[in-house]
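The values are calculated or read from the model by the stated rules, or taken from the named source; none is laboratory data. Remember, it's a predicted structure, so these values are computed and weren't measured experimentally. Don't worry about glycine lacking a Cβ; one is built from the backbone with ideal geometry, like all the others, and counts go over all protein chains shown. When the accessible area is computed, the model is the full protein with side chains, heavy atoms only, and any ligands, DNA or RNA have been set aside. Shrake-Rupley method; radii C 1.70, N 1.55, O 1.52, S 1.80 Å.
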Amino acid sequence: MFEAIAFYLFAFLTIAMFYITVMSKHALYSMTALAAGMIFISAFFFILGADFLGAVQIIVYSGAVMALYAFGMMFFDSTRELKEKTTPSLLVFGLGGMAALMTVIIVAAPIVSDNIAAAYPIVEGVGNTQAVGMVLFTKYLIPFEVAAVMLLVAMISGIVLAGKKMDISLTLVEDDEIPQHDKEKEKAES
Amino acid sequence: MMEIGLNHYLVLSTILFAIGLLGIMRRRNLLMLFFATEILLNSVNIAFAAISHFYGDLSGQMFAFFVIAIAASEVAVGLGLLVVWFKRSGSIDLETLKSMRG
């Protein structure tokens with residue numbers, strides 16, 4: 001009963017938030033709605049008994065990823081409205097509907113067959129975090145290590161890509177010394 | 001209606017995935033494309049967690065963890081590239097990427 005109420009409430013909230021994310025004209029509204037949707041998704045993980053996954057979802061997505069987006073948006077002019085050329089909606093809805101149908105078939109095809117057995121059954125008597133740790137550090141140890149290396153590569157590439165010319169502090173130099181933007185320079189030249 | 005089964009979660013996951021796909025096809029702003037990608041990854045995570053719960057198997061949760069790790073590194077690299085592209089072209093619109101058109 002309560003599970004059904006929680007499911008339908010959070011399903012409605014998540015769909016609404018992600019719809020705002022996709023449809024909003026402001027990048028800031030879009031990002032805020034996305035952060036809210038991430039937190040609502042973690043509620044599904046808690047309902048499903050995956051406590052550790054829910055905590056990781058809140059920490060990684062609404063903590064790290066959203067902070068990264070917020071810092072990244074400081075580089076972009078995010079306060080003005082986005083002017084976008086939109087494609088014809090009939091084409092988009094047709095392609096979207098077909099892709100969604102394909103997704104349903106992909107997801108539903110394994111469910112049709114009933115001979116699915118659990119490869120790593122949930123251990124009885126221990127909490128979710130402990131069970132996850134027991135599987136993660138035995139069966140999935142090498143993917144775990146590879147994921148760690150991948151995160152290190154991502155961190156280094158993020159620093160190298162975004163950190164260029166960051167040795168000049170924009171708050172310490174005079175106003176006229178701040179290099180103007182390339183586009184304005186091109187406009188002045190042409 | 002009152003009993004929440006696996007199909008409820010899979011339908012929800014599909015709806016969220018369709019919203020993400022709609023965003024990817026509709027938006028022309030690269031930042032919005034990143035947001036839509038996050039929606040896609042999250043909808044798949046719901047399906048993984050639901051299957052993991054209803055089949056009593058922890059592999060689904062493991063895959064959801066790796067999906068989260070991939071999403072985090074994708075955001076780091078993608079935002080770095082986006083910052084470089086914005087410094088170079090002054091716009092994060094998808095149309096500005098059409099520089100190789102003959």
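This table checks each residue for (1) of a type in the set (Val, Ile, Thr); (2) in contact (Cβ under 8 Å) with a residue 24 or more places away in the chain; (3) in contact with a helix residue (DSSP H, G or I) (Cβ under 9 Å, 6 or more places away or on another chain); (4) crowded, with 21+ Cβ neighbours inside 10 Å.
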| site | (1), (2), (3), (4) |
| --- | --- |
| B:MET62 | no, no, yes, yes |
| B:VAL67 | yes, yes, yes, no |
| B:GLU74 | no, yes, yes, no |
| B:ILE92 | yes, yes, yes, yes |
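Tell me which residues, restricted to the range A:41-72, are among the hydroxyl-bearing types (Ser, Thr, Tyr) and either over 20 Å from B:TYR55 (Cα atoms) or outside the structural domain of A:PHE12 (by TED's automatic domain parsing) (or both).
A:TYR61, A:SER62, A:TYR69
Among (1) at pLDDT 90 or above; (2) open to solvent by 10 Å² or more (accessible area, probe 1.4 Å), there is one condition B:LEU12 misses while meeting the rest; what is its number?
(2)
So that you can scan it fast, the table gives a plain yes or no per residue for (1) among the acidic types (Asp, Glu); (2) more than 7 Å from every other protein chain (Cβ to nearest Cβ); (3) closer than 19 Å to A:MET66 by Cα:
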residue: B:LEU40; (1), (2), (3): no, yes, yes
residue: B:GLN61; (1), (2), (3): no, no, no
residue: B:PHE86; (1), (2), (3): no, no, no
residue: B:LYS98; (1), (2), (3): no, yes, no
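Report yes if B:ILE39 is among the hydrophobic types (A, V, I, L, M, F, W, C) and either in contact with an Asp or Glu (Cβ under 6 Å, 6 or more places away or on another chain) or within 20 Å of A:ILE15 (Cβ to Cβ) (or both), otherwise no.
When the stated conditions are applied, B:ILE39 passes them.
Do we have any residue at all in the range B:33-48 that's surrounded by fewer than 20 Cβ atoms within 10 Å (Cβ to Cβ) and over 12 Å from the mean Cα position of the chain (by Cα)?
Looking through the range B:33-48, none of the residues is surrounded by fewer than 20 Cβ atoms within 10 Å (Cβ to Cβ) and over 12 Å from the mean Cα position of the chain (by Cα).
All but one of (1) at pLDDT 85 or above; (2) polar (S, T, N, Q); (3) open to solvent by 50 Å² or more (accessible area, probe 1.4 Å) hold for A:SER157, so report the exception by its number.
(3)
Please state which one of A:GLY54, A:GLY127, A:GLY72, A:GLY96 is modelled with pLDDT of 85 or more and open to solvent by less than 70 Å² (accessible area, probe 1.4 Å).
A:GLY54
One line per residue, one yes/no per condition, for (1) touching a residue at least 24 places away in the same chain (Cβ under 8 Å); (2) within 7 Å of chain B (Cβ to nearest Cβ); (3) not in a helix (DSSP H, G or I):
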site	(1), (2), (3)
A:ALA6	yes, no, no
A:ALA16	no, no, no
A:TYR19	no, yes, no
A:VAL22	no, yes, no
A:ALA33	no, no, no
